[in-house]
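*Asks:* Pasting a structure below so you can have a look.
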Amino acid sequence: MIELRHYRYIVAVERAGGFSRAALALGISTPTLSVQVKYVEDLLGAPIFERTSQKLSVTTSGREFIKAARDVLAAAAAAEEIGRYAARGEAGKVFVGYVGSAAYGGTLQRIVSAFRQRFPRAVVIAAEYQIEELPVMVESRSIDFALVRAPLAPGAAELRKIGLTDDSHVVALSSDHPLAATPDLPIEAGELADSRFVVPEQFTYGTNELARRGGFVVNVQSVQRTLIGVLTQVSLGGCAAIVPGAVSSSVLMPGVVFRELAGDPILSGIVGLYRRDEASPLVRNFLDVVGALERAVGG
């Protein structure tokens, strides 16, 4: 079997133009080097070098072998380098799950940007999921880190949490909604009692809190899986939705008007979730970056 050292020996002989100089560069004896090269030639069933008393030349098949040998050595060196970076937590992939509003408000982007600046050889793979899926995915190690919206479901109790942003809810109104035509003033919860609501499947806290404050039962017209789905339904006319404020500043959709809510803000923040027993050096480095950004990202 040809080993990595054999590739090094043969490339060294070709580079030096002879066995003696190559052996000196490799720190081995000339007879030992000659035996090792002959071993490879016997395995290949063809000579790599033509040996005469005047000079050493490379055969046609030898040139192809040496070209491949250089590729093998380059790949081995790259793998060794990547291994060192990975051992220090500086290379590899971090898998992040998030709810849509974490991207609309820029929290996800700021975290990943800061991480890439510190660890340019690492890659972050991010995907949007339903909020109830994310704690389970972190615990099962399907992903390494999650960005969810508070308040959290009981399923996240065993995970560590880090608060990142605070956000207040706003109301998204169809442009033909009666309240959309009013001056740009905060809307009282009770004014929305007769509205038909589009509710985000993954997060109903804002809608339920508005109804509690206004003393009414929510008239649900539609339930949507994503915030974009919620706004799209609102844009079709005749309804309202309670959404995170970050959405109003990042999504512009025809047929949708955003209004502030009167009274104490209905607060909800983005929270990071991760495992208590995280052992990956790369993920720990990612968490260090998130921790350093905790106050800055939150404003």
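Every number here is computed from the coordinates shown, using simple stated rules; none is lab data. Bear in mind the structure is a predicted one, so any value in this text is a computation, not a measurement. Quick reminder, even Gly has a Cβ in these numbers, built from the backbone with ideal geometry, and neighbours come from all protein chains shown.
*Asks:* Semi-axes, largest first, in whole Å: what does sqrt of 5 times each Cα gyration tensor eigenvalue give for the range 168-264?
*Replies:* Sorted largest first and rounded, they come to 17, 15, 13 Å.
*Asks:* Compute the long axis of helix 4-16 from its Cα atoms, compare it with the longest principal axis of the Cα atoms of the chain, and write down the angle in degrees, 0 to 90, nearest 10.
*Replies:* 60 degrees
*Asks:* Next up: What does the charge dipole of the chain about its Cα centre add up to, to the nearest 20 debye, if the Cβ of each Lys and Arg holds +1 and the Cβ of each Asp and Glu holds -1?
*Replies:* 1660 debye
*Asks:* Order by neighbour count: SER280, SER250, SER53, fewest other Cβ atoms within 10 Å first, most last.
*Replies:* Fewest-to-most ranking of SER280, SER250, SER53: SER53, SER250, SER280.
*Asks:* When the Karplus curve 6.51 cos²θ - 1.76 cosθ + 1.60 is applied with θ = phi - 60°, which whole-Hz ³J(HN,Hα) does each residue of the range 41-47 get, with x for Gly and Pro?
*Replies:* After applying 6.51 cos²θ - 1.76 cosθ + 1.60, I find 4, 5, 5, 6, x, 7, x Hz.
*Asks:* From Cα coordinates alone, what are the radius of gyration and Dmax values for the chain in angstrom?
*Replies:* So, for the chain, Rg and Dmax equal 31.5, 103 Å respectively.
*Asks:* So, with +1 on the Cβ of K and R and -1 on the Cβ of D and E, and no other charges, what is the size of the charge dipole of the range 4-87 about its Cα centre, to the nearest 20 debye?
*Replies:* Charge dipole, the range 4-87, about its Cα centre: 240 debye, nearest 20.
*Asks:* Further, regarding this structure: Compute the signed sum of charges (Lys and Arg +1, Asp and Glu -1) over the other residues within less than 11 Å, Cβ to Cβ, of ALA246.
*Replies:* -1
*Asks:* Let me ask something additional. Would you calculate, for the chain, the mean residue ellipticity at 222 nm contributed by helices, counting each DSSP H stretch of 4 or more residues as -39,500 (n - 2.57) and dividing by all residues, to the nearest 500?
*Replies:* After summing the helix terms and dividing by the residues of the chain, the value is -13500 deg cm²/dmol.
*Asks:* Next question. With a cut-off of 8 Å between alpha carbons and a minimum separation of six or more residues, what is the relative contact order of the range 4-87 in percent?
*Replies:* The value is 28 percent.
*Asks:* I'd like the Kirkwood hydrodynamic radius of the range 1-71, using the inverse of the mean 1/r over distinct C-alpha pairs, in Å.
*Replies:* 11.9 Å
*Asks:* Antiparallel versus total DSSP beta bridges in the chain: what percent is that, nearest 5?
*Replies:* 60 percent
*Asks:* Here's something else I'd like to know. So if we plug the beta-carbon distance of THR59 and ILE82 into 1/(1 + (r/R0)^6) with R0 = 41 Å, what FRET efficiency do we get, rounded to 0.05?
*Replies:* The computed FRET efficiency comes out at 0.75.
*Asks:* Taking only C-alpha pairs under 8 Å that are 6+ residues apart, what is the relative contact order of the chain in percent?
*Replies:* Once normalised by length, the contact order is 22 percent.
*Asks:* When a footprinting reagent is the concern and you count Cβ atoms within 10 Å, what order do MET253, MET1, MET137 take, fewest first?
*Replies:* MET1, MET253, MET137
*Asks:* Under a point spin-label approximation (7 Å from Cα along Cα-to-Cβ), what is the TYR39-SER168 distance to one decimal in nm?
*Replies:* Once both label points are built, they end up 7.7 nm from each other.
*Asks:* To the nearest Å, what is the center-to-center distance of the range 101-173 and the range 276-295, using C-alpha atoms only?
*Replies:* 13 Å
*Asks:* Report the Cα centroid-to-centroid distance between the range 224-252 and the range 19-37 in angstrom, as an integer.
*Replies:* If we compute the Cα centre of each part, the gap is 73 Å.
*Asks:* Take ARG141 and VAL123, extend 7 Å from each Cα along the Cα→Cβ direction, and tell me the distance between the two endpoints in nm.
*Replies:* 2.1 nm
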